[in-house]
Each structure stands twice: as C-alpha cells, then as structure tokens.
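For reference, the structure is listed below as structure tokens.
The values are calculated or read from the model by the stated rules, or taken from the named source; none is laboratory data. Keep in mind that what you see is a predicted model, and the values were worked out from it rather than measured. Cβ coordinates were reconstructed from backbone atoms using ideal geometry, including for glycine residues, and neighbour counts include every protein chain displayed. All accessible areas refer to the heavy atoms of the entire protein, side chains included, with ligands and DNA or RNA removed. Shrake-Rupley method; radii C 1.70, N 1.55, O 1.52, S 1.80 Å.
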Amino acid sequence: MALSRDPAAAAGKLPEAVEWHAWPDPLTAQPPAESLSGATAVVHLLGEPVAQRWSAAAKQRIRDSRVLSTRNLVAALRELSDEQRPRALISQSATGIYGPRGSEQIDEHASAGSDFLAGVVSAWEHEALEATSVCRVAVARTGVALSPGGGALAKMLPFFRAGIGGPVAGGRQYVPWIHIDDVVAALLFCLDSADATGAVNLTAPRPVDNAELSKALGHALHRPAVLPVPALALKLLYGEMSEIVTTGQRAVPRRLGELGFSFSHPEIEPALRDVLS
C-alpha cells in the first residue's frame, strides 16, 4: 500500500499489485484513514528536495514539506483505534541534524547543530516522535545516498566522466555516504526490528572525506580526479545551500551496529563500482 500526492504518476514506478491512495496536500490535510488502517507499519519519506538554491520561499517549502506533513500523518495515526493502527512509524530524517562538525566522529548521541538544515531536521524529528505514545517510532538519519539515478552522485558524474572532477573546497570535509541498497535494507531492518527506536544513523560504517570520495570515484570511472573545486564557485552557484557540500559530518551508524545490521557495501570504492555498474 502506498500514499502519493499523484498516484497516477507514482503507479508507473512500482508493481501493479501496489494499492495506491491519494494524499494530495500533505501540508494541510491528514492522509485518508483507509490508507493507514490495518497496515503493519508506515515508512514516511516525503520532503521537498534540499539540493536547490535556498531562497526564503525555498527554505519555507523545505521545512513545511517535512514538518507539516509529518504532523498531519501522526495526527491521523492517533485517530485510529488500537486494532487499526500500524505498530511502527519509520520516519525519514537526515544526518544534517548534526550540523557542520569537522572531523569529530559522531553517533546518534551527538547534539543537534544550529544551522538552518539542523533546525529543519530537529523540528521534523520532533513531529515524528510525537507518535511514540501510540506506536514504535524510529527516525532514519540518512546520509548521502549513492545512487546513479539522483542525489549528489548524479550531479557529480558528468564532471568526473569528463575528467574534470576533483575535491571540493579543499576536500577535508567528511561525507556520511551510504549505498542506496543499504538504505533500503536498513529501512526494512528498522521495520522488522522491535528494538529500532529513536534516532538511527543510516550511513556506511566508514565515512570518508571529500578528497577520498573524489579519488575513489575517479578510480571507479578510470578518470583523473585532481581538479579542485573552490568553495567560492559553489557559493556563487548555490548560495547558502553550498554549505552542505563544503561542510559535513563524520557520522557513524552506532545504533545499526548494536542492533546487528550487516552492510552489503561498507567500503567506498567497491560501493561506487557497484552503483556505476
């Protein structure tokens, strides 16, 4: 069963057997009760893309799409009877909650940052955790997912394939990367594990800095990866949003390790080779 703002468009992305329900305006309305009633669990992934130039309007969309949709989802869960209500809510979150942290290794016990994105994620998680009175809740703090179909890697590939890629802003900032297959596997693991509660970092066990990521991507593509990208160029192109590229978090998946999750792609270069294959 799936919820979408546009079921007709979404139906082409999943098998025909999936039952679709419309949730046309998650910011102002609850999802239909019949879309939640009787479900075993809910995975909530909705959110305006962060990778865009952050105008005041874009910032509001980024925040509202996460905070208000989660608030309306939790309200709908609360209105269901105990017999109808899903037993768990796995709500998407992000390692951006930690803010820029340099080379400090951080796990789920780390405090939240003070920048814009950290504030958004903190408010997002707060709304999800309001459901703990009625079901089990885990917030999946996902890092940079490696996928050829979108996200950061898709934006990097044209430059690296042309042989003009390289470290960004000196390359010392850490990238909390994770293979897309491990993202899916970890979400399913959180669905099935009764002990998966609260914050759970969805990041590979060995984060790398931007310079190592660039080197690994160059090796995987058999291209040079030595041309540096200055921070100023990113600032001119993306404005304030460039900070999520020029800074980072050395986040590690402590909670997944405690719960016994096994990564299929724990090392960066083999993970990139697999994604690109």
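Check whether at least one residue in segment 253-261 is of a type in the set (A, V, I, L, M), part of a helix (DSSP H, G or I) and open to solvent by 20 Å² or more (accessible area, probe 1.4 Å), and report yes or no. Steps first, please.
Within segment 253-261, the first condition is being of a type in the set (A, V, I, L, M), and the residues that meet it are 256, 259.
This time we only want the ones that are part of a helix (DSSP H, G or I), so: 256, 259.
Filter again for open to solvent by 20 Å² or more (accessible area, probe 1.4 Å), leaving 259.
Yes, segment 253-261 contains at least one residue that is of a type in the set (A, V, I, L, M), part of a helix (DSSP H, G or I) and open to solvent by 20 Å² or more (accessible area, probe 1.4 Å).
Answer yes or no as to whether Val121 is open to solvent by less than 20 Å² (accessible area, probe 1.4 Å), touching a strand residue (DSSP E or B) at 6+ places or on another chain (Cβ under 6 Å), β-branched (Val, Ile, Thr) and modelled with pLDDT of 95 or more. Quick ask: steps written out before the conclusion?
Numbers: open to solvent by less than 20 Å² (accessible area, probe 1.4 Å): yes; touching a strand residue (DSSP E or B) at 6+ places or on another chain (Cβ under 6 Å): yes; β-branched (Val, Ile, Thr): yes; modelled with pLDDT of 95 or more: yes.
Yes; evaluated as a whole, the condition is true for this residue.
Taken over segment 129-174, the criterion of being assigned to a strand (DSSP E or B) and at pLDDT 95 or above is satisfied by Arg136, Val137, Ala138, Val139, Ala140, Arg141, Thr142, Val144, Ala145, Leu146, Tyr174.
Being under 22 Å from Ser193 (Cβ atoms) and open to solvent by less than 50 Å² (accessible area, probe 1.4 Å) is true of Ile90. Every condition in (1) under 17 Å from Thr28 (Cα atoms); (2) open to solvent by 20 Å² or more (accessible area, probe 1.4 Å); (3) within 14 Å of the chain's Cα centre (by Cα) holds for Ile62 except the one numbered (2). The residues of segment 213-251 that are open to solvent by 60 Å² or more (accessible area, probe 1.4 Å), of a type outside the set (Val, Ile, Thr) and closer than 18 Å to Phe160 by Cβ, listed by number, are Lys215, His219, His222, Arg223, Pro224, Leu227, Pro228, Pro230, Leu237. Pairing residues of segment 154-175 that are within 11 Å of Ser214 (Cα to Cα) and among the hydrophobic types (A, V, I, L, M, F, W, C) with residues that are open to solvent by less than 20 Å² (accessible area, probe 1.4 Å) and part of a strand (DSSP E or B), at Cβ distances under 7 Å and at least 6 apart in sequence or on separate chains, gives Val175/Val208.
Would you pick out the residues in segment 175-215 that are outside any strand (DSSP E or B) and closer than 27 Å to Leu236 by Cα? Pro176, Asn210, Ala211, Glu212, Leu213, Ser214, Lys215, listed by residue number. Of the strands (runs of 3 or more DSSP E) lying entirely inside segment 1-85, the ones with 1 or more residues being closer than 20 Å to Ala140 by Cα and at pLDDT below 95 are found at 2-4. Before we move on, is Gly143 farther than 21 Å from Tyr238 by Cα, open to solvent by less than 40 Å² (accessible area, probe 1.4 Å) and touching a residue at least 24 places away in the same chain (Cβ under 8 Å)? Criteria not met by Gly143.
Cβ separations smaller than 6 Å between residues 6+ apart or across chains give the following pairs from segment 209-233 residues that are more than 18 Å from Pro100 (Cβ to Cβ) to residues that are open to solvent by 80 Å² or more (accessible area, probe 1.4 Å) and in a loop (DSSP other than H, G, I, E, B): Leu227/Ile164. Exactly one residue out of Ile180, Ile97 is open to solvent by less than 30 Å² (accessible area, probe 1.4 Å), within 21 Å of Arg255 (Cα to Cα), of a type in the set (Val, Ile, Thr) and in contact with a helix residue (DSSP H, G or I) (Cβ under 8 Å, 6 or more places away or on another chain), and it is Ile97.
In segment 192-212, which residue that is under 15 Å from Leu272 (Cα atoms) and of a type in the set (Asp, Glu) is most open to solvent (accessible area, probe 1.4 Å)? Ranking the candidates gives Glu212 first.
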